[in-house]
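Worksheet: one structure, shown below.
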Amino acid sequence: MDADYLLLTPGPLSTTATVRAAMDRDVSTWDIDYNTVVEQIRSQLVSLVSGDTKATSVLMQGSGTFGVEATLGTVVPRTGGVLVVNNGAYGARMLEIAGRLEIPAVEVAFGETEPASADRVAAALEANPQLTHVAAVHCETTSGMLNPIPAIGQVVAQAGRSFIVDAMSSFGGMPMTLQGFSADYLISSSNKCIQGVPGFCCVLARPDAIAATAGQARSLSLDLHAQWAEMEAHHGKWRFTSPTHTVLAFAQALEELEAEGGVAARARRYTRNQRRLVEGMREIGFQTLLDDDLQSPIITAFRDPVDNFDFATFYDLLKGHGFVIYPGKVTQANTFRIGTIGDVHAEDIERLLAAVAEVSGQMGLYSEIPANEAGP
């Protein structure tokens, strides 16, 4: 398989050679040195959300969705229920998880290009006093929307409910704290803005909140409390076989995050990437799905340039230039998406814009811009 391309996706994403090289050894899941690495990861994750609120972390095998399901299935009590904020595919997925687990759920629905409203969340909580938790997505990568999680968290806290935040595609790439979100739980995964590889998810939590969830899980393997308790009691030990190579890569990725200057520095790079991408794509002729004030620095949705747009050809031609992008996911418009996270830098965005200009000219979408004119 030819893999000589840059992943411009919301994860898995392009990683550094040093992160990949960290996986080039085998370790035992029972070895004290390995478990020490796990404990260091847990501590470093907590430091990324440090604030006035104490935090703890737990790692769980599987993709980010495993982490969302583990959290919902563990922390919502049998006598409780969850209010799900939904303006995209990942809000909808939380509703599906709640349905499969037979967790009572109420949806607060918004359009795919509409930011969630704290006022509507507050009204829904007042109308549904039986609900104990609220779940929302920070960066809805369906559209690239950045939801107003701090404002939503405030009304959740004022209503005395527990807040679960899916920060899958933003944690590590945007500054955040549990306190700033008024959140009890924050969920992400190894293959997002920390710039590791796929294999496990991580949940940051208030210690008192997760400690109170013993015995509530609706699953054996996805029992978030049991996993946390095992790691706490046995210093980084997982209950079941852990993805050792992915863990080693993640440890290296955390070191590289710190070397870059931490989350603030990474956020600046991602933001510069995204702004230049949008500027350059508009110069070529493409239009964004969202207004700029709604857009995250993680991924951007662009409208199809023509009604009969051949995305497959566009994709293949860009892949031939060394770039892999994402198809659209919103239902109300025909779009494609380009991510700006991972080991992606300013020069990569300029090369991409030159490739998009050339491919657009080949396909007769817009007049071709010479490569040396596609930059600033």
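Throughout, read-outs are computed from the coordinates displayed, never taken from laboratory work. As the structure is a prediction and not an experimental result, all values here were calculated from the model. All Cβ positions, even for glycine, are placed from backbone atoms using ideal geometry, and neighbour counts span all protein chains on display.
Distance from the Cα centre of the range 322-363 to that of the range 76-140, in angstrom?
Computed from Cα coordinates, the inter-centre distance equals 32 Å.
Restricting the count to DSSP beta bridges whose residues both fall in the chain, what percent are antiparallel, rounded to a multiple of 5?
That works out to approximately 55 percent antiparallel.
Magnitude of the Cβ-charge dipole of the range 22-259, K/R +1 and D/E -1, about the Cα centre, nearest 20 debye?
Rounded to the nearest 20 debye, it is 400 debye.
What angle do you read, to the nearest 10 degrees and between 0 and 90, between the alpha-carbon axis of helix 89-100 and the longest principal axis of the chain?
Relative to the chain, helix 89-100 is tipped by roughly 30 degrees.
Roughly what angle does helix 64-75 make with the longest principal axis of the chain, taking Cα atoms, 0 to 90 degrees, to the nearest 10?
With rounding to tens, the tilt is 30 degrees.
What shape does the range 22-259 take by its C-alpha gyration tensor, where a ≥ b ≥ c are the square roots of the eigenvalues and a/c under 1.5 counts as rounded, a/b above b/c as prolate, and the rest as oblate? Don't skip to the answer; put the middle values down first.
Values: a/c = 1.88, a/b = 1.54, b/c = 1.22.
Prolate, since a/c reaches 1.5 and a/b exceeds b/c.
Calculate how steeply helix 224-233 sits against the longest principal axis of the alpha-carbon atoms of the chain, using the helix alpha-carbon long axis, and give the answer as 0 to 90 degrees to the nearest 10.
Compared with the principal axis, the helix lies near 70 degrees.
So what is the relative contact order for the chain, in percent, with contacts set as C-alpha pairs under 8 Å and at least six apart?
23
Identify which of 134, 197, 108 has the largest mean-square fluctuation in a Gaussian network model of the chain, with springs joining Cα atoms closer than 10 Å.
Evaluated over the chain, the most mobile residue of the options is 108.
Using Cα pairs under 8 angstrom and six or more residues apart, how large is the relative contact order of the range 262-373, in percent?
Reported relative contact order: 27 percent.
Between residue 279 and residue 258, what is the label-point separation in nm under the 7 Å Cα-to-beta-carbon projection?
About 3.4 nm, to one decimal.
Classify the range 298-371 as rounded, prolate or oblate from the Cα gyration tensor: take a ≥ b ≥ c as the square roots of its eigenvalues, call it rounded if a/c is under 1.5, otherwise prolate when a/b beats b/c and oblate if not.
Oblate.
Among 154, 290, 191, which residue has its Cα positioned farthest towards the positive end of the charge dipole of the chain, with +1 placed on the Cβ of Lys and Arg, -1 on the Cβ of Asp and Glu, and the dipole taken about the Cα centre?
After comparing all options, I get 154.
Can you pull out the GluC sites (Glu not before Pro) in the range 93-130 whose DSSP state is coil and whose Cβ has at most 13 other Cβ atoms within 10 Å?
Loop-located and lightly packed - 102.
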